C-alpha cells in the first residue's frame, strides 16, 4: 500500500468531512472565502496547510478534522538549534506538547501548558487537553503546571501569565513530587480585584450538555454537542468555589486516580472466580 503524504492525508480528511456534511467544493470555498480551485488542491493533497487554515476548515465543517495516529502511533518532533517560544492553537493530541521537547541536550526545568481560554475546574481535568499536556509531562518525570483563564471572551491574559510565571518560579524553588502537577485557574479580574490565592481541591462540576439534531444542506441529519456552559457545586475549599470568589485557584493533581479505599471491598467480591470458570 502506498503511504500517503501528510498533505494527501489531510486532503482526504477534508474531502470526507465535506461530503459527510453534504457540501460541494464550491460551497466549502464560499464558507472559507476562498476559491473552488483552492479546495480542489487541498483535497488532492497538492496544498500544504497552516494550522490556522486547518482550524478554519474544521470550524467551517463543524467537525474535528484531524485524528492523529489511526491504527498506529504517530510520532511528532520539532528539531532545530533555535529555542521555541510563542503560542500555538491546535486540534491535535496532547502528545504534540511533548513533541516540543524534541531531541534536546538537557531536560526542561518545567513544562507549562496554557494559557487556556476557559477554566479547567473539577471534572474538567478529565476532558482538558491543557491539563492532559501537563499530565504527559508528569508522566515523563517533569515538573508541570497547567494554567487556564476562566473566560472564553477575555483577551487579557496578562494577569494569568504573571500568576503562571509566579507559580513556575515557586515550582523551580521547591520542586514537585513525582507524578504530580499543579492546575492553576485564574478569574478574569483586574489585578487589584483578586481576592488572593487559594490552594484547593477538585470540585464537582455540573454539565448541561445536550445533543443537538441538525440537518446539512442536503437534509441529512448530523449531531452537534451543545448546551449551556457548565456550572459547579460551590463547596468551600474547592477550585470551583475559589474562582467564583475571585481567588486564583492552585490545585495539586496526582496521576494516580486509583480509588484505594475501594480495593478491599472489590477483593471481597471474589472476582478471581471470573477467570476460573
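The values are calculated or read from the model by the stated rules, or taken from the named source; none is laboratory data. Nothing here was measured: the structure is a model prediction, and the numbers come from that model. Here Cβ is always computed from backbone atoms with ideal geometry, including for glycine, and neighbour counts include all displayed protein chains.
(1) over 29 Å from residue 258 (Cα atoms); (2) in contact (Cβ under 8 Å) with a residue 40 or more places away in the chain: which one isn't true of residue 151, the others all being true?
The failed condition is (2).
Among (1) touching a strand residue (DSSP E or B) at 6+ places or on another chain (Cβ under 6 Å); (2) under 20 Å from residue 137 (Cα atoms); (3) in a loop (DSSP other than H, G, I, E, B), where does residue 176 come up short?
All conditions pass for residue 176, except number (1).
Is segment 251-260 home to any residue that is closer than 26 Å to residue 153 by Cα and surrounded by 13 or more Cβ atoms within 10 Å (Cβ to Cβ)?
Within segment 251-260 (the criterion being closer than 26 Å to residue 153 by Cα and surrounded by 13 or more Cβ atoms within 10 Å (Cβ to Cβ)), the answer is yes, since at least one residue qualifies.
For segment 211-249, give me each residue that is under 25 Å from residue 60 (Cβ atoms) and either outside the structural domain of residue 185 (by TED's automatic domain parsing) or surrounded by fewer than 11 Cβ atoms within 10 Å (Cβ to Cβ) (or both).
211, 213, 215, 217, 218, 219, 221, 223, 225, 228, 229
Listed here are the residues, each with its yes/no results for (1) buried (at least 17 other Cβ atoms within 10 Å of the Cβ); (2) at pLDDT 50 or above; (3) outside the structural domain of residue 180 (by TED's automatic domain parsing); (4) within 17 Å of the chain's Cα centre (by Cα).
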| position | (1), (2), (3), (4) |
| --- | --- |
| 55 | no, yes, yes, yes |
| 81 | no, yes, yes, no |
| 115 | yes, yes, no, yes |
| 124 | yes, yes, no, yes |
| 133 | yes, yes, no, yes |
| 141 | no, yes, no, no |
| 144 | yes, yes, no, yes |
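Looking at 183, 120, which one is part of a strand (DSSP E or B), within 15 Å of the chain's Cα centre (by Cα) and within 20 Å of residue 253 (Cα to Cα)?
When all the criteria are applied, what remains is 183.
Specify the residue that is nearest to residue 152 (Cα to Cα); the eligible residues are those in segment 215-228 that are in contact (Cβ under 8 Å) with a residue 12 or more places away in the chain and part of a strand (DSSP E or B).
Taking the candidates together, the pick is 228.
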